[in-house]
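To start, the structure itself, in structure tokens.
The values are calculated or read from the model by the stated rules, or taken from the named source; none is laboratory data. What you see is a predicted model; the values in this text were computed from it and never measured. The area values use the complete protein model at the heavy-atom level, side chains included, leaving out ligands, DNA and RNA. Shrake-Rupley method; radii C 1.70, N 1.55, O 1.52, S 1.80 Å.
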Amino acid sequence: MIDTTAPVVSGLDVDPTVSPVYGESITINATVTDLLAVDTVVVDIDGTTYAMTNVGGDLYQSSTIDTSTLGLGVHTYTVT
């Protein structure tokens, strides 16, 4: 069976939930579901890709990300 439907990403959560102070670490969590199986989940922050790990069921978590590597300002992230 060929899976032609993209996985569904929901339940995005950034920890800490308030804007982190420059230099603090953040973790991004997401629920990712698919008809067959999820192979790889990544989070892209301003063009830099970080791997996410399955921590149980459909829940994926990024490694700890040091905000000082992102620079000051507002950032955009995408989970795929």
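Solvent-accessible area per residue for the range 1-79 at a 1.4 Å probe radius, Å²?
Heavy-atom accessible area per residue stands at 64 Å².
Determine the share of the chain's accessible area contributed by carbon and sulfur atoms, expressed in whole percent, with a 1.4 angstrom probe.
Accessible surface attributable to carbon and sulfur in the chain totals 55 percent.
Across all directions of projection, what mean area in square nanometres is found for the Cα convex hull of the range 20-72?
4.0 nm²
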